[in-house]
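In what follows, a single structure is set out as structure tokens and then discussed.
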Amino acid sequence: MSALAPEDAELLGRLRGGEEEAFATLVDRYQTALIRVATKYVRDPVAAADVAQETWIGFIDSLDRFEGRCSLQTWLFRILFNKAQSRVQRDRRIVPFSTLVSDETSASFSAVDPTRFTTGGDAAADGHWLSAPPSWKTDPSEILEQKDAVELVERAIGELPEAQGTVMILRDVEGWSSEEVCNALEITPTNQRVLLHRARTRVRRALSERYGDGT
Amino acid sequence: MTETQDEMSCKELVELVTDYVEGALSASDRDRFESHVSECPPCEEYLEQMKLTLRLTGELAEDAIDPMARDRLLAAFRDWKTG
Ligand SMILES: [Zn+2]
């Protein structure tokens, strides 16, 4: 029994029928996401483009045996992770995704440097801003217009640990739902949120280093 | 279960921003979060900065696809169909 959503079932039928238009639609929808996620693992952009290419070839080759137990999107990204993994193994840097997730979620983390908050032993007064994080020097609407603000975000995401970066790319760049991300990465909703929180916090901090005081 | 009516601290709030934006807080924590933000300008600012961060991140999505790579993929698909 297939649990495919109707749109996926229809798309799969068209793909199996060799309809190029259907395949082109998928490529246009997912190619940048594949490359972006691959870059988290293989680092260099040329290798990432190769991994994306291998992923599509693997996807085409598996069309006839795809059983519809997950969405096409999840299927495509599972192929990507396998391809990225074997590329990484060739470079002798073998870290399973589940290990990344447990390492990255269990490491200690503070969204804001704890010394920015009051501590005096009076529970009611503790944990408040010692001095407020300053407003960003540039108007938000202007920041949104700036190409280098977007580039700064791109770099900050590039520097995130792999699992955090992957979750943030899929959620916040590609606009996936948390459920889609959990399925494709085979992680729990709680871990998904922890990774996302750490990732977003780090990217906000990168912007704060530029537009504020680095809080 | 006893509901905590304790005030949320700023330090606690910055760790709950994502859960708040994601709608993952319990009703009572959401209330504590919102009442804190409404009375604490620095935390309100922090929340706004986080939302701005997300909007900027969303702008990355507009990258163009390399047309040559796209052509190669479509050719691979045609080969598979005829192969
Ligand atoms: Zn506060």
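Key figures for this structure:
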item: Which numbered condition A:V150 misses (of (1) surrounded by fewer than 16 Cβ atoms within 10 Å (Cβ to Cβ); (2) within 15 Å of B:T53 (Cα to Cα)); result: (1)
item: Helices (runs of 4 or more DSSP H) contained in segment A:122-205 and holding at least 3 residues free of Cβ contacts under 8 Å to residues at least 40 places away in the same chain; result: A:140-145, A:147-159, A:178-185
item: Selection count, segment B:41-83, where residues are among the polar types (S, T, N, Q) and touching a residue at least 24 places away in the same chain (Cβ under 8 Å); result: 0
item: First in segment B:19-40 and at negative phi, second anywhere and open to solvent by 60 Å² or more (accessible area, probe 1.4 Å) and within 15 Å of the ligand (Cβ to nearest atom), Cβ under 6 Å, 6 or more apart; result: B:V37/B:E44
item: Subset tally (residues that are charged (D, E, K, R), open to solvent by 60 Å² or more (accessible area, probe 1.4 Å) and either under 17 Å from the mean Cα position of the chain (by Cα) or within 12 Å of the ligand (Cβ to nearest atom) (or both)) for segment B:16-33; result: 1
item: Check on A:R29, assigned to a helix (DSSP H, G or I), within 11 Å of chain B (Cβ to nearest Cβ) and closer than 30 Å to A:G214 by Cβ; result: no
item: Any hit, segment A:71-80, residues being of a type in the set (G, A, S), farther than 24 Å from A:G17 by Cβ and surrounded by 13 or more Cβ atoms within 10 Å (Cβ to Cβ); result: no
item: Given (1) open to solvent by less than 30 Å² (accessible area, probe 1.4 Å); (2) over 30 Å from A:E20 (Cβ atoms); (3) away from the ligand (no atom under 16 Å from the Cβ), index of the condition B:L13 fails; result: (3)
item: Matching residues, segment B:1-59, being under 27 Å from A:R210 (Cβ atoms) and β-branched (V, I, T); result: B:V14, B:V17, B:T18, B:V21, B:V37, B:T53, B:T57
item: Test set (1) more than 20 Å from the chain's Cα centre (by Cα); (2) within 12 Å of the ligand (Cβ to nearest atom); (3) surrounded by 14 or more Cβ atoms within 10 Å (Cβ to Cβ) - B:P41 fails condition number; result: (3)
item: Of the criteria (1) modelled with pLDDT of 95 or more; (2) in contact with a Pro (Cβ under 7 Å, 6 or more places away or on another chain); (3) among the acidic types (D, E), which one A:D213 fails; result: (1)
item: Condition broken by A:T138, with the remaining ones in (1) at pLDDT below 85; (2) within 14 Å of chain B (Cβ to nearest Cβ); (3) open to solvent by less than 40 Å² (accessible area, probe 1.4 Å) satisfied; result: (1)
item: Any hit, segment B:45-52, residues being more than 16 Å from the ligand (Cβ to nearest atom) and either under 30 Å from A:R16 (Cβ atoms) or of a type outside the set (D, E, K, R) (or both); result: yes
item: Of residues in segment A:87-104 being open to solvent by less than 40 Å² (accessible area, probe 1.4 Å) and either modelled with pLDDT of 95 or more or of a type in the set (D, E, K, R) (or both), the one farthest from A:V51 (Cα to Cα); result: A:E104
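To keep it simple, each residue is scored yes or no on (1) more than 21 Å from A:V167 (Cβ to Cβ); (2) outside any helix (DSSP H, G or I); (3) more than 10 Å from chain B (Cβ to nearest Cβ).
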| position | (1), (2), (3) |
| --- | --- |
| A:A3 | yes, yes, yes |
| A:A9 | yes, no, yes |
| A:L12 | yes, no, yes |
| A:A24 | yes, no, no |
| A:K40 | no, no, yes |
| A:A47 | yes, no, yes |
| A:V51 | no, no, yes |
| A:F59 | yes, no, no |
| A:F66 | yes, yes, yes |
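The values are calculated or read from the model by the stated rules, or taken from the named source; none is laboratory data. Everything numeric here is computed off the predicted structure, so don't read it as measured data. Cβ: placed from backbone, ideal geometry, glycine included. Neighbour counts: every protein chain shown. Ligands, DNA and RNA are stripped out before the accessible areas are found, and what is left, the full protein with its side chains, is counted by its heavy atoms. Shrake-Rupley method; radii C 1.70, N 1.55, O 1.52, S 1.80 Å.
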